[in-house]
Amino acid sequence: MQAQKRLGMQTMKLMGDVQIVGSASIAGKKEGEGPIAGCFDVLVDEGHWGETTWEKAESKMQKEAAALAVSKAGKSLAEMNMLFAGDLINQCICTTFGIRSLQIPFYGLFGACSTMAESLSLGAMAIDGGFAENVVCGTSSHFASAERQFRQPMEYGGQRPFTAQWTVTGSGMAVLSNEGQGPYITHVTTGVVTDKGIKDANNMGAAMAPAAADTLLAHFNDTGRQPDFYDLIVTGDLGKLGSQIVRELMQMNNVTLGDNYNDCGLMIFDLIKQDVHSGGSGCGCSAVVLCGHILKELQKGTLQKVLFVGTGALMNTTSTQQGETIPSIAHAVAIENFKE
């Protein structure tokens, strides 16, 4: 029997009312010095945030962000049917240790920096399929915990190439429900693993850009929409170099991304005033930009239709040390104030 909610090969059109009814964002000190600092619910003044390790601080961010998002949605933790979340650290321990006391049925995810879009995709489908009424979706990253895992020791102080990006310290969580006032998640486009042979772990933007372009093209082909349908198309997080490559790849396929295209890695930091080289990265980057800034703009009506495209590099320290390439993926989520 043919799937009734599928458009083309990669896109699902949600038939029911899947709404984002609450969100919360917690960000670090450096993020609090950036251009959208006023959008975040909580700013952490130092990396340990009262904990003994960076990983415990990241776990605390997830726990507090989830609880705050649920509270802002006007609901209780006991009303949450599922929680979809993950992070960058081995076996997603920042997530599992952070949310274990919440006692919400849990699905752990790893999509690298695409995790926010992945969690929203799965949460939206769970509600649209009638398997849940209220779902929490989110992720986190921490500059120091990521540096410890991928570039230990921190004290080494190696020079960062200009293609490198700065891992965001922060957590974003959103509550999805089948009741509320919107905005609505209307479409989900699932990405495929894309690998163009990039091996440089300090050039994540170039590694992830082909996956972003592939998913964008699939979304437009499947839905029949054009880029100008959306008030904002935002990737997360390709940074300065990767977002330029996406524009070029799309143009090669006769699709022009106009002024309505941006990238979370460019939005969260001031690339001129803050020393972040090519921009922001990490699971928390797109999560806090979405939950702290974009959703507020949707609520105010400044934005009406957003295509949120989370991008992730699916590598780890072992694959890099073995000389492997960096496969990547991107998932797209259409968020709109009004349903068709």
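The values are calculated or read from the model by the stated rules, or taken from the named source; none is laboratory data. Computed from a predicted model, the values in this text were never measured in an experiment. Note that we place each Cβ from the backbone using ideal geometry, even for glycine, and neighbour counts take in every protein chain shown.
Observations
- Within the range 280-314, being assigned to a strand (DSSP E or B) and charged (D, E, K, R) holds for one residue alone: LYS305.
- Looking across GLY16, GLY22, one residue alone is under 21 Å from VAL333 (Cα atoms), at pLDDT below 95, in the same structural domain as THR95 (by TED's automatic domain parsing) and touching a helix residue (DSSP H, G or I) at 6+ places or on another chain (Cβ under 7 Å). It is GLY16.
- Criterion: touching a residue at least 40 places away in the same chain (Cβ under 8 Å) and surrounded by fewer than 24 Cβ atoms within 10 Å (Cβ to Cβ) - qualifying residue of ILE245, ILE268: ILE245
- A single member of GLU155, GLU118 is assigned by TED's automatic domain parsing to the domain that holds GLN19 and modelled with pLDDT of 95 or more, and it is GLU118.
- Test result for ASP263, in contact with a Gly (Cβ under 8 Å, 6 or more places away or on another chain), surrounded by fewer than 21 Cβ atoms within 10 Å (Cβ to Cβ), within 24 Å of ALA164 (Cα to Cα) and not polar (S, T, N, Q): no
- ASP214 satisfies every condition listed in (1) in contact (Cβ under 8 Å) with a residue 40 or more places away in the chain; (2) crowded, with 24+ Cβ neighbours inside 10 Å; (3) within 29 Å of PHE338 (Cβ to Cβ) except (2).
- Taken over the range 184-211, the residue count meeting the criterion of being assigned to a loop (DSSP other than H, G, I, E, B) and crowded, with 24+ Cβ neighbours inside 10 Å is 1.
- Residues of the range 266-323 satisfying the condition of being hydrophobic (A, V, I, L, M, F, W, C) and over 26 Å from THR163 (Cβ atoms): CYS291, LEU295, LEU298, LEU303, VAL306
Conditions tested, residue by residue: (1) in contact with an Asp or Glu (Cβ under 7 Å, 6 or more places away or on another chain); (2) free of Cβ contacts under 8 Å to residues at least 24 places away in the same chain.
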| residue | (1), (2) |
| --- | --- |
| LEU122 | no, no |
| GLU133 | no, no |
| GLU147 | no, yes |
| PHE150 | no, no |
| GLY170 | yes, no |
| ILE185 | no, no |
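- For ALA201, the conditions (1) over 15 Å from the mean Cα position of the chain (by Cα); (2) at pLDDT 95 or above all hold with the exception of (2).
- Number of residues in the range 1-52 that are of a type in the set (Ser, Thr, Tyr), over 23 Å from HIS219 (Cα atoms) and either surrounded by 20 or more Cβ atoms within 10 Å (Cβ to Cβ) or in contact (Cβ under 8 Å) with a residue 12 or more places away in the chain (or both): the value is 2.
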